[in-house]
Amino acid sequence: MIAMNNYDDANPDETNTRLDAGLRAAFGPASSELSPEGHDSIVATIDHALGIQSRVSLRDDSDGRGPLLSPHTPEVDDSEGRIGRYQLSGEIARGGVGVVIRGRDVDLGRDVAIKMLRGQHASNGAMVRRFMEEAQITGQLQHPGILPVYELGLRAGNRPYFTMKLVRGRTLAELLRDRRSSAEDRRRFLNIFEHICQTMAYAHSRGVVHRDLKPSNIMVGAFGEVQVLDWGLAKVLTRDSASAELAGATAHETVVETLRSGEDGAESVAGSVMGTPAYMSPEQARGEIERVDERTDVFALGAILCEILTGHPPFSGTKSEIMRKASAGDLAETIERLRATDADIVLTLMSQRCMATEPDERPRNAGILAEEVSGFIARLEESAQEAKVAAAAAEAKAREERRARRLTLALATSVLFAMLLIGGGFFWRADVERQRSIDATHLINAAIERTAIQLGSARATRIGTPAPWEAALAAGAELSLLIQQGSADADAIRQGESLLADLRSADAERRLLELTEDIVIRGATHSDGESWKAMDDAYIAAFRDAGIDVLNATDDEIAAWIRASDHPDQLANAFELWVWTGEDLKQRFGVERYQRSL
């Protein structure tokens, strides 16, 4: 006979727990806890094995509306409203490749976004591959500004899917569209832009280029979260292009790996155009895939900043007009809008530099841009704090003097009013011009300081380290744009032009020394006279760019030029190598080009 435990009045919970466990052992878990495939959810399995109830449900964090757009969709109906442990609610968004479904994780009690490949692409290997790579790229980019990927799976019909955090918020495009003017709440949007730059700086440090940055792919949450969405067009750079030159990358960071990592020619169709034309760089619009790198994203970041400042993307019009302007880098209208805005000139110049037609003229990656934006915001905060302190001091002084000035104030006001009637317009215009000159001079002096610091850092690095020089040249480009405005103090302009000349000279000298290494390699690997003549021509041109005409300068002039340089020993070696190149042309190939000795 089986002994039965009596009901324990002193411990009713313990008795009920034993009773529940016995019922589950006899009859199994409730049918509501089974998935359509007949398998228990993991929570139901744990509950059954341990005899516990572990269901926790937090207060809903939605706003009551949620992001659901369509509760009835083939993706929900075909799967009977469920995939594994995920209950499907309806469609959130749909693109050309995938569809995003709102789902409920019944085990963890949370809402999720489920992105799945559309059924029409299930048999298309290229589409499946790109979808899988999006999941891998997004899953490996672990940053607060990028949605975390929870799980990768395969549903019926061989259609892959992956689950992500469900985003509740509004896109940057919606927020920008709802502004009454481009000046409204500009500080808030600048903070959002800083978050975007920081997120992309991280992605670039991992060797990933987004290729479709635009306001509608930026989600701003109700609690200040800023996240970059939709990495479906992302490009993974090779290790060579993503390792040595990325600002902020540390030794333990590696590039993202996908199915195509290390393969040659595995990019989409050569020459295809991927992205959104209104925010697209010229090289991307022309389908020059081999030229697409971090600077392509930098262009798009500059385009987003342009829309924040002016209310318009850089390229507008019909589809054909937008593509034509993007391909040609036609920014004439955009630059006019930037110049007409009342935004800080530092921001407008920053946007212009990011949208330079040639990639080499843009910041090298988002890390450099993020530092510039953070520095600008920090300076704004310092200025605001200084203004508060000054205002408080002025108010205190005003309170002390107010009683003594009360009688004379009316008289002073009358006199001032009379003066304004006589010459108010003249004084007002003069004051505006004077303040404009003061502001422009302040900006140029700050740019001079930044450029000098970057140039000093670049000169301190060894030849063959490009990143510090790129930073110095970027700072110099900003300084040059400020000088072109022409409204600053003449002394500041002269100082800036002198520093720019020094920067150009130092950079030309650096490029000359780098060319020396290339010429040594060419001389060791080429044995025909034409290659040696081309090498010699390149050498002469490099010397000329660096500030010396080696064909016509006297020995004393060349010696003085070498002694005055930052690298006299290396330049002396470069000059000697060039002289011997001429001797080799004469002795080996019978080419008499010039007479030059050591």
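The values are calculated or read from the model by the stated rules, or taken from the named source; none is laboratory data. Since the model is a prediction, treat every value here as computed from it, not as a measurement. Every residue, glycine as well, gets a Cβ built from its backbone with ideal geometry; the counts of neighbours run over all protein chains shown. To get the accessible areas, we keep the full protein, side chains included, count just its heavy atoms, and leave off ligands, DNA and RNA. Shrake-Rupley method; radii C 1.70, N 1.55, O 1.52, S 1.80 Å.
A cut-off under 10 angstrom between Cβ atoms defines the neighbours of residue 331, and their net charge, with Lys, Arg +1 and Asp, Glu -1, is -1. For the stretch 179-236, GluC sites (Glu not before Pro) are listed when DSSP marks them as loop and at most 15 other Cβ atoms sit within 10 Å of their Cβ; the list is 184, 225. Structure note, pairs 115/325; 165/214; 115/214: Cα-Cα distances above 26 angstrom occur for 115/325. Across the stretch 354-370, computed HN-Hα scalar couplings (Karplus, 6.51 cos²θ - 1.76 cosθ + 1.60, θ = phi - 60°) run 5, 9, 4, 4, 8, x, 5, 8, 9, x, 5, 7, 5, x, 5, 5, 4 Hz from first to last residue, x flagging Gly and Pro.
How many angstrom separate the Cα center of the stretch 295-364 from the Cα center of the stretch 103-172? Each part reduced to its Cα centre gives a spacing of 32 Å. Once backbone amide H atoms are built at 1.01 Å from N, residue 98 has 118 as its partners under 5 Å, excluding neighbours fewer than 5 places away on the same chain. Summarising the amide proton neighbourhood of residue 82: residues at separation of 5 or more, or on other chains, whose placed amide H is nearer than 5 Å comprise 88.
Per residue, the stretch 334-379 exposes 37 Å² of accessible surface when a 1.4 Å probe is rolled over the protein heavy atoms with every protein chain present. Along the stretch 102-113 the Karplus relation, 6.51 cos²θ - 1.76 cosθ + 1.60 evaluated at θ = phi - 60°, assigns HN-Hα couplings of 7, x, 10, 7, 5, 6, 9, x, 10, 7, 9, 9 Hz to successive residues, with x for each Gly and Pro. Counted over all Cα-Cα pairs of the stretch 301-356, pairs farther apart than 19 Å make up 20 percent. Taking all Cα pairs closer than 8 Å and separated by 6 or more residues, the relative contact order of the stretch 449-598 comes to 18 percent.
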